[in-house]
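A.B. asks: Let me give you the structure first, and then I'll get to my questions.
The values are calculated or read from the model by the stated rules, or taken from the named source; none is laboratory data. In this text the structure is predicted, and so the values were computed from the model without any measurement. Every residue, glycine among them, receives a Cβ derived from its backbone with ideal geometry; neighbour counts consider all protein chains shown. Ligands, DNA and RNA are excluded from the accessible area calculation, which covers all protein heavy atoms including side chains. Shrake-Rupley method; radii C 1.70, N 1.55, O 1.52, S 1.80 Å.
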Amino acid sequence: MRTVESGRVRPVQPRENYLSAGDTVSSWLLTTDHKRIGLLYLASILFFFAIAAAAAALMRIELITPKGDLVASETYNKLFTVHGVLMVWFFLIPSIPAVLGNFVIPLMIGARDVAFPKLNLLSWYLFIAGGALAVYSIVRGGVDTGWTFYTPYSSTFSQTHVISMAAGIFVAGFSSIITGMNFLITIQKMRAPGLTWFRLPLFIWSMFATSMILVLATPVLAITLALMSLERIWGIGIFDPKLGGDPILFQHLFWFYSHPAVYIMILPGMGVVSEVIACFSKKQIFGYHFVAFSSLAIAVIGFLVWGHHMFVSSQSLYAGVVFSFLSFLVAVPSAIKVFNWTATLYKGSISFETPMLYVLGFIGLFTVGGLTGLFLAALGVDVHVTDTYFVVAHFHYIMVGGMVTAFMGGLHFWWPKMTGRLYPERLGQLAALITFIGFNLTFFPQFILGYLGMPRRYHAYPDEFQVYNVLSSAGASILGVGYLLPLIYLVWSLRHGKRAEENPWQATGLEWQTSSPPPVHNFEETPIVTEQAYHYPPLGEEEEHA
Amino acid sequence: MKTPAPTRVYWIIWASLLGLLGLTFGAARLNLGQFNSVVALTISVAKTVLILLFFMHLRESKRITWVYVAAGLFWLGLLVALTLSDYWTRNLAAVSK
Amino acid sequence: MPEPARALAEQFDDLSQQREACELGMWTFLATEVLFFGGLFLAYIVYRGEYPQEFAEASRRTELVLGTLNTAILLTSSLTMALAVQAARAFQTRQLVVRLTLTVLLGSIFLAVKGFEYHKEISEHLLPGAHYSLAGSKRGEIFFYLYFAMTGLHALHVLAGICLLSGMAVLALRRRFTSVYYHPVEISGLYWHFVDIVWVFLYPLIYLIGLR
């Protein structure tokens, strides 16, 4: 097979691309093409996002008034549980990995597909099966334990449909394990000739680190949910004091997974940030090696900090001190990344297309989220603000201000590649701005609320907190508009958007060296890589377009 | 990557495994105090090493495979060690009231 | 006899890349299994540390002879599995099928013995729950909870292994493997040996405490 050096590939625009190759239902539902599977995931996660967002909307409407007068307490408990479970396991965890990762990774490394395409399809079906179980649980009345399922409430006292929800998460967990396995082996074994580790785009480093976590943490969640469910069914279990069991053991097992899970949720976003910043500064990422190793460091150290969710649980104080120290440590590699991205901007040729707006927003919002994480890592401060809205604001800054923003940025960045169409740029920029304003209005007041003492998971509160709650709910409606706009114009662009050429952003990276959309097997000829990632020409010289 | 072991080696490993089984059974009947668990665990680890290296051909595998294997075991170690950091320090005199 | 080329999946460049990827993939899966069982092992370690006497007392009620016999059976099945892989590499189809069948047989005997053990323990009121009684008290119930959970999960994995290896034997009989394409047998072997290793750790933890 004749191979061509990267940078000079002249792919013929094939009439056949992966989208046009088959339009029957079964060509989609039985596909093993990583690009189609990415799109299947995209549609699925949007479905669950919609349900979870509706739950959030109801919560924010309830919280406009101090009295709990929109829904009963039990219903409110079910709302925040549904919101948490669906957002964490059925939206955020699959979002960038299963959608953008699936689509982009083989393209970025010059491969024809992932290592195990059939397993890839299986992972989507497992995701759907898990989701079906979760929806079943919701339809039957929902769960009121919170997404954290703490024992003994979940295992003994709750009268809601815990087991079907836990089963749904269990099954979806195997979906993420398979995705992680697939990515690890794909990146390890299927890079194009010349693509050494340190020539890889940083998105790949992030996805490799994410996959490490997916593979090592998720099985512990699986066994933990199984044990909790067994205790519910059997009437006794290892978390039950009647047998001499310890409910806190559940928390250790649960958070061993769930803390690294938040890094599953943020690392891919950081990968997107690296790609977009380099492209829209037209500059090499500053400190490439630092950023690459920081991804690995976050993945590893992220496993050592879970006890910071248990400072007030009756966990040993000594263990608390150890976990607190390690939690400070994990902030370091994240900070290193933020510094390096900022340095990349310096003296770059910056342009403000939609992906860049989202990514710049990410850097600011993630920094706020990360810094407030440090407040929470300090034992003394945490005793005061744990289980308050301070925590809620902290993790929403990271998850929404960070991850969802990065997801939107990545979606817009690779949209031309995925669909062959350009989205309307002005609308994109407008939506990004609306989202940024709406987001801050929603969540910044929650820092204040938490500091003032408003507990989380309560639907009624003292009158003096109302003004901040109203601000937050107002912000939420603006945020909703910000998310609705892309839904509309992205779908619109599928039919009416301008057709995209193979490299509309003039970005480096192998995925831009093939047509938009790509052919079924990604490349007409296997690329050979001879240059570093982000090999943008030094600024001041014109890049030649042959 | 070394060449695969001849058949003879598999039988020797099998005999060693059964021998270690006998050893662990015998040692359990002696009163070694706290040391009983250590002995039992060490013998289990020894059996595991033999199975990994010879039956699972880790001896002949690339170094990257060793890294993946080590990672799985190491991570289990993290789970156990940090959880025990809670349970083993709960009742220390300075903390309990 | 199928062409070796048919064995090559289209995402791979050559059979050796495919074999290495599949092998590494199986090791990755085994790492996830280590963590999956690991949660149970953690619970065991924590509670044995809390209740050493109760664990020892309860352990004395397990079937030591059967447990030891089962360990020997499983270790032998690992031998037959390793020999099966060797036959696959040497393209000796008949030997491959014989050795896979022996492995499946030994695995099945393991399950039968386990089932007999369970039956005995349940009739002796050692199944945790309303009817549990260790010499009239509820002591050691958490030990037996972990016993049934851990050996039960392990038994499910043995069953899955039996199905997997039977499938391999069928493929071998259908002449699907060649002198260069046999790595499904190799990676099935990895899975089987892993299941053996889990038992190697379970055996002393379940059967051998409190013997002195």
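A.B. asks: If C:125, A:308, A:496 are ordered by their accessible area, calculated over protein heavy atoms with a 1.4 Å probe, which sequence runs from highest to lowest?
C.D. replies: A:496, C:125, A:308
A.B. asks: May I pose another question? Within straight cross-link reach of residue B:47, meaning Cα distance under 16 Å, which aspartates and glutamates are found once same-chain residues fewer than 8 apart are removed?
C.D. replies: Within the straight-line cut-off, residue B:47 pairs with C:196.
A.B. asks: How much net charge surrounds residue C:194 when only other residues with a Cβ under 15 Å from its Cβ are counted (Lys, Arg +1; Asp, Glu -1)?
C.D. replies: That sum, taken over residues with Cβ under 15 Å, equals -3.
A.B. asks: For chains A and B, what's the summed buried accessible area, probe 1.4 Å, to the nearest 100 square angstrom?
C.D. replies: Accessible area lost upon association: around 1800 Å².
A.B. asks: Once phi is turned into θ = phi - 60°, what whole-Hz ³J(HN,Hα) does the Karplus curve with 6.51, -1.76 and 1.60 give for every residue of segment A:127-142, x standing for Gly and Pro?
C.D. replies: Residue by residue, segment A:127-142 yields 4, 5, 4, x, x, 4, 5, 5, 5, 4, 4, 5, 5, 6, x, x Hz.
A.B. asks: Something else now. Before we go on, tell me the buried accessible area for the B/C pair, both chains summed, 1.4 Å probe, in Å² to the nearest 100.
C.D. replies: 3700 Å²
A.B. asks: Can you give the longest run of chain C that contains no GluC sites (Glu not before Pro) sitting in a DSSP loop with at most 16 other Cβ atoms inside 10 Å?
C.D. replies: Longest gap between qualifying sites, sites excluded: C:11-123.
A.B. asks: Can I ask one more? Please go through segment C:162-211 and write out the trypsin sites (Lys or Arg not before Pro) that DSSP classes as loop and that have at most 11 other C-beta atoms within 10 Å.
C.D. replies: Those satisfying the criteria are C:174, C:175.
A.B. asks: Of A:463, C:196, A:246, which has the most accessible area and how do the rest follow, probe 1.4 Å?
C.D. replies: Ranked list, largest accessible area first: A:463, A:246, C:196.
A.B. asks: Quick check: Cα centre of segment A:321-382 to Cα centre of segment A:509-527, how many Å?
C.D. replies: So the two Cα centres are separated by 33 Å.
A.B. asks: Which of the lysines could be linked to residue A:283 by a straight reach, that is with a Cα gap under 18 Å, when you skip same-chain ones fewer than 8 residues away?
C.D. replies: Partners found: A:337, A:347.
A.B. asks: Could you state how much accessible area residue B:37 has, in square angstrom rounded to the nearest 10, with a 1.4 Å probe and all protein chains kept in place?
C.D. replies: Here the residue's solvent-accessible area equals roughly 50 Å².
A.B. asks: In addition: Any idea what angle helix A:354-377 forms with the longest principal axis of chain A, computed on alpha-carbon atoms, 0 to 90 degrees, nearest 10?
C.D. replies: With rounding to tens, the tilt is 30 degrees.
A.B. asks: Go through A:113, C:13 and list them by solvent-accessible area, largest first, probe radius 1.4 Å.
C.D. replies: I get C:13, A:113, largest accessible area first.
A.B. asks: Next question, about the same structure. Quick one: angle between helix A:162-189 and the longest Cα principal axis of chain A, in degrees between 0 and 90, rounded to 10, please.
C.D. replies: That helix lies at roughly 30 degrees to the long axis.
A.B. asks: State in Å² the accessible area per residue of the protein assembly as shown; use a 1.4 Å probe, count heavy atoms of protein chains only, and round to the nearest integer.
C.D. replies: Per-residue value: 39 Å².
A.B. asks: Nearest 100 Å² is fine: how much accessible area is buried between A and C, summed over both sides, with a 1.4 Å probe?
C.D. replies: 2900 Å²
A.B. asks: Under 16 Å Cα-Cα from residue C:138, which lysines qualify once same-chain neighbours fewer than 8 residues away are excluded?
C.D. replies: Qualifying lysines at Cα under 16 Å: A:242.
A.B. asks: Just to be sure I follow the definition: excluding the sites themselves, where is the longest run in chain A that has none of the chymotrypsin sites (Phe, Trp or Tyr not before Pro) in a DSSP loop with at most 13 other Cβ atoms within 10 Å?
C.D. replies: Formally, the longest exposed-site-free interval is A:1-345.
A.B. asks: Also, I was wondering about something else. Taking loop as defined by DSSP and a crowding limit of 16 other beta carbons within 10 Å, which GluC sites (Glu not before Pro) in segment A:483-513 fit?
C.D. replies: Taking segment A:483-513 and a limit of 16 other Cβ atoms within 10 Å, the loop GluC sites (Glu not before Pro) found are A:501.
A.B. asks: What residues qualify as long-range amide H neighbours of residue A:421, i.e. H under 5 Å apart, gap of 5 or more or another chain, H built at 1.01 Å from N?
C.D. replies: So residue A:421 has HN proximity to A:500.
A.B. asks: For the protein assembly as shown, what size does the Cα cloud have along each of its three principal axes, sorted from largest down, in whole Å?
C.D. replies: 78, 74, 47 Å, listed from the longest principal axis down.
A.B. asks: Follow-up. What is the extension gain from residue C:112 to residue C:135, computed as 0.36 nm multiplied by their sequence separation minus the C-alpha to C-alpha distance, in nm to one decimal?
C.D. replies: 5.6 nm
A.B. asks: I would also like to ask the following. Test of the criteria: in segment A:283-385, which trypsin sites (Lys or Arg not before Pro) are in a DSSP loop and have at most 16 other Cβ atoms within 10 angstrom of their Cβ?
C.D. replies: A:347
A.B. asks: Using the crude model of +1 on Lys and Arg Cβ and -1 on Asp and Glu Cβ, and no other charge, please compute the dipole size for chain A relative to its Cα centre, in debye to 20.
C.D. replies: Approximately 560 debye in magnitude.
A.B. asks: I'd like to know how chain C sits against the 2.2 N^0.38 Å rule of thumb: what's its Cα Rg over that expected value?
C.D. replies: Chain C yields a ratio of 1.20.
A.B. asks: What is the Å³ per residue value for the convex hull set by the Cα atoms of segment A:35-544?
C.D. replies: 137 Å³
A.B. asks: How far is helix A:466-496 tilted, in degrees, relative to the longest principal axis of the Cα atoms in chain A, given as a value from 0 to 90 rounded to the nearest 10?
C.D. replies: Helix A:466-496 sits roughly 30 degrees off the main axis of chain A.
A.B. asks: Something else now. Of A:118/A:417; A:118/B:62; A:189/A:498; A:282/A:417, which ones are farther than 28 Å apart at the Cα?
C.D. replies: Check vs 28 Å cut-off fails for A:189/A:498.
A.B. asks: Something else about it: Can you pull the percent of segment A:35-544's accessible area that's carbon plus sulfur, 1.4 Å probe, other chains left in place?
C.D. replies: 70 percent
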